[in-house]
Amino acid sequence: MSFFNKFSKNAREILDASFEEANLLNHYYVGVEHIFLAILKIENGSVYDLFKNYGFNLESTRMEIIKKVGRGKVESYVDGYTPRAMKCLERSYKHSLLLGKKEVQVEDIAYSISYERESILEEIMESKINNFEEFRMNLSKNKKIKMNDVKENDSNYTNLNKYAIDITKYAADNRLDPVVGRDDEIKRIIQVLLRRTKKNPCIIGESGVGKTALVEGLAKKIVSGKVPKILKNKRILSLNISNVVAGSKYRGEFEKRLNGILEEVKLANNVILFIDEIHSIVGAGGAEGAVDASSILKPSLSRGELQIIGATTISEYKKYIERDSAFERRLQPILIDEPKINKAIEILFTLKERYENHHRVRFTKEAIVLAVNLSSRYINDRFLPDKAIDVLDEAAAKKRMEFNETNNKTIIYENKLREIRIEKGNAIKMYDFEKAAILRDEERNVIEKIEEFKLDEVVKEEKYIKVDANDIEKIISEWTAIPVSKLEEEETEKLKNLEILIKEKIIGQDDAIKSIASSIKRSRIGLSSPNRPIGSFIFLGPTGVGKTELSKVLTLILFGSLNSLIRVDMSEYMESHTISKLIGSPPGYQGHEEGGQLTEIIRLKPYSVILFDEIEKAHKDIFNILLQILDDGILTDAKGRKINFKNTVIIMTSNLGAEKFANKKFLGFMEDINSKGYENMKQIMFEELKLFFKPEFINRVDDIVVFKKLKINDIYKITNILLADLVERVEKLKIIMFITNEAKKYIGDIGFSDIYGARPLKRIIAKHLENKITEMILNELLSEGDILKVSLVNNELKFDVEVKNGEG
């Protein structure tokens with residue numbers, strides 16, 4: 001906060017000369033020393049006369065100061081005043097006010113400099129002037145005024161001090177983070193502030209893009225003097241409207257507070273109010289019979305008595321500010337975009353030192369670049385650079401926490417030591433000296449361990465930990481549940497054998513398995529398009545051939561749980577209005593706040609398998625929604641949020657054309673799955689698909705897979721898989737179960753249907769096996785430890801029980 005327009009011509013000449021002094025000494029800043037050097041160069045005036053009267057040798061003093069401060073090694077650009085110099089100039093301004101002066105004179109600056117504590121100037125001046133206090137009083141020209149009186153008159157600014165924060169003071173004290181890559185935007189704000197009318201910029205941008213940082217950057221420029229002359233005496237105060245509203249119980253109390261703030265701003269005549277979340281002032285404090293904050297501000301804004309900088313998001317600007325056209329026209333919108341990837345990386349490199357010092361870590365270059373790239377790709381509901389900074393911050397916190405885990409060991413051993421000492425004391429009281437001696441030795445060992453851990457802690461505290469790319473990947477995975485880390489050896493083996501693992505559960509559908517396994521491998525290696533889902537498939541074929549089962553098996557292999565399978569029964573979306581169930585109801589309709597059934601799940605579980613079952617049953621408007629997902633990997637819900645589908649596997653099942661094969665048997669089809677019968681079925685199903693779906697929908701799908709009709713040998717294999725699952729469940733009841741091959745074949749034969757495929761198998765197993773075993777357990781014919789054998793006798797299943805040893 002500078003006050004240059006309140007300085008006299010002579011005083012301004014001194015300040016200009018101080019820049020020249022800094023430049024001559026190759027210093028990149030202007031300190032109090034440079035200002036004093038400029039004062040010592042003057043050869044007339046009251047200050048010059050006073051120095052002469054006190055026998056002050058100006059030239060020798062100049063040489064002594066230059067010797068003390070030294071010269072820079074290389075020429076440098078003078079950046080601006082130091083915080084200490086700014087405070088000195090502020091004191092001189094306040095001193096002139098106390099004396100009732102209209103302008104700050106050279107003697108006011110000299111008087112302020114004489115109060116520089118613990119500085120080389122104080123040391124030099126006191127050594128060269130005999131009666132230093134008298135010298136000060138003569139500089140002041142008013143012996144009743146002392147520097148202790150030269151303080152900011154807080155009583156004049158009670159409301160501002162209570163409800164506002166001085167951002168320029170924070171900038172002067174170097175308490176703000178550096179602002180990088182936003183020079184053009186800051187220049188645009190300055191440009192608006194310099195206008196004759198509508199000189200109130202409103203920064204509009206999404207959360208996290210750096211709106212507040214722009215204002216902090218402007219404050220830094222004001223403090224360093226890198227702004228046009230008209231802004232050099234300005235202070236930016238951040239006003240929190242919610243604090244002004246809080247506690248205003250009675251009618252008129254809020255208006256009184258806000259009007260008090262406006263009066264103080266007018267009195268100061270150098271304040272720009274920064275109102276973050278400026279949309280909150282529309283309606284703020286506007287109880288029944290009262291006016292809101294925006295209505296109170298409008299007259300002052302119109303007359304130019306008040307200057308504000310606002311910040312809000314795009315949606316809130318439209319929702320609140322645009323609704324109040326009278327308030328909107330007093331603001332000048334400045335749209336701030338999310339920084340590009342390379343700019344965000346530059347921002348993180350600038351900020352990294354502050355986070356490194358806070359966490360006592362060191363970020364590798366790869367970690368910083370990856371934090372931006374991965375957060376940009378996988379965190380879609382937030383914006384750069386904020387989300388990348390948060391990733392970096394948490395990665396450092398996690399690393400430091402892991403590194404200090406030995407603290408827990410120290411605590412454990414200290415507790416153990418306490419217990420040993422209590423036990424040893426009790427042993428001595430009982431005269432059990434043998435036990436006490438053993439405990440004494442144990443006590444010594446524990447003390448040694450504690451000392452070892454404490455020494456280790458000291459070493460670790462002094463050491464900076466490295467945060468690398470792997471740490472960033474772990475944080476992204478924790479946030480999104482998406483495995484973004486490099487392939488571990490175990491996962492590599494799983495991917496290599498993905499087809500084999502699926503074939504263990506899915507029988508007779510090699511083409512479908514190969515297609516979906518290839519998509520998963522491409523995505524996990526990083527070769528697939530990052531702007532589309534991992535894979536999208538349409539599974540065609542008659543019922544009961546494994547279309548839905550393949551989706552379940554894939555989910556289990558990839559995620560280890562069916563919780564990551566999102567099944568959408570498309571028969572529930574047969575009407576056009578049901579589209580709102582997927583993406584959410586429009587504003588004004590019931591359920592708008594709840595979000596869509598599909599979009600909300602994907603927002604919480606972005607790495608999932610989505611199964612659209614029996615897609616042909618859905619209304620045709622639903623396919624327009626799916627087009628957006630398949631093409632861009634993004635779906636906008638009813639609230640305007642962009643939901644990321646880029647880490648999902650999309651599977652759509654359909655029975656189109658299957659009815660033509662329900663009662664038909666193409667020549668040779670059942671004998672050879674690669675024969676003309678299967679090709680005919682495939683061709684007919686493709687034709688049916690083309691008739692039903694639009695070409696643009698079909699072209700966006702990665703692969704269309706026709707499932708083969710199951711043969712009896714396939715049914716036998718599926719039967720074995722299902723029966724193995726039953727045996728496993730029975731063994732959990734601590735009962736051993738055997739099923740003969742003849743019995744398995746019998747189950748397969750009666751469970752096979754040419755029309756329904758393998759679908760009746762589970763029902764047959766439940767009817768002929770599970771129900772019988774349940775009855776036997778309830779009737780105490782079968783219990784823990786028994787052996788159950790299921791065989792086929794006279795074309796019927798026979799259940800034999802071998803009772804456990806030692807009992808009947």
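The values are calculated or read from the model by the stated rules, or taken from the named source; none is laboratory data. All figures in this text were calculated on a predicted structure; none of them were measured in a lab. Counting neighbours? That spans all protein chains shown, and the Cβs are built from the backbone with ideal geometry, glycine included.
Is it the case that E59 is outside the structural domain of K226 (by TED's automatic domain parsing), touching a residue at least 60 places away in the same chain (Cβ under 8 Å) and acidic (D, E)? Here the answer is no, as E59 does not meet what is asked. Taking helices (runs of 4 or more DSSP H) as the structural unit, those lying wholly within the range 154-208 and holding at least 1 residues that are within 20 Å of I334 (Cβ to Cβ) and assigned by TED's automatic domain parsing to the domain that holds G260 correspond to 167-172, 183-193.
Taken over the range 756-769, the residue count meeting the criterion of being farther than 22 Å from K711 by Cα and surrounded by 15 or more Cβ atoms within 10 Å (Cβ to Cβ) is 2. Would you check if there is a residue in the range 321-341 being among the charged types (D, E, K, R), touching a Leu at 6+ places or on another chain (Cβ under 6 Å) and surrounded by 15 or more Cβ atoms within 10 Å (Cβ to Cβ)? Within the range 321-341, one or more residues are among the charged types (D, E, K, R), touching a Leu at 6+ places or on another chain (Cβ under 6 Å) and surrounded by 15 or more Cβ atoms within 10 Å (Cβ to Cβ). The set of residues in the range 326-372 that are basic (K, R) and part of a helix (DSSP H, G or I) comprises K343, K352, R354, K365. Looking at the structure I just gave you, is E353 more than 21 Å from R641 (Cβ to Cβ) and out of contact with any Pro (no Cβ under 9 Å at 6 or more places or on another chain)? When the stated conditions are applied, E353 passes them. Of all residues in the range 698-721, which are surrounded by fewer than 20 Cβ atoms within 10 Å (Cβ to Cβ) and in a helix (DSSP H, G or I)? Hits for the range 698-721 are I698, N699, I712, N713, Y716, K717, N720, I721. Looking at L306, L297, just one residue is modelled with pLDDT of 80 or more and either in a loop (DSSP other than H, G, I, E, B) or touching a strand residue (DSSP E or B) at 6+ places or on another chain (Cβ under 8 Å) (or both), and that residue is L306. For the range 1-50, filtered to residues that are assigned to a helix (DSSP H, G or I) and of a type in the set (S, T, Y), the residue that is surrounded by the fewest Cβ atoms within 10 Å (Cβ to Cβ) is S46.
Do you know which of the residues in the range 542-587 that are outside any helix (DSSP H, G or I) and among the charged types (D, E, K, R) is modelled with the highest pLDDT?
Going residue by residue through the range 542-587, those that are outside any helix (DSSP H, G or I) are 542-546, 560-561, 565-569, 574-575, 584-587.
Filter once more, keeping what is among the charged types (D, E, K, R): 567, 569, 575.
Values: R567: 88, D569: 84, E575: 82.
Taking the candidates together, the pick is R567.
If I filter the range 262-279 down to residues being assigned to a helix (DSSP H, G or I), buried (at least 23 other Cβ atoms within 10 Å of the Cβ) and among the hydrophobic types (A, V, I, L, M, F, W, C), which single residue comes out as modelled with the highest pLDDT?
Within the range 262-279, the subset assigned to a helix (DSSP H, G or I) is 262-268, 278-279.
If we keep only those that are buried (at least 23 other Cβ atoms within 10 Å of the Cβ) too, we end up with 265, 278-279.
When the remaining residues are screened for being among the hydrophobic types (A, V, I, L, M, F, W, C), the result is 265, 278.
On the way: V265: 78, I278: 83.
Selected residue: I278.
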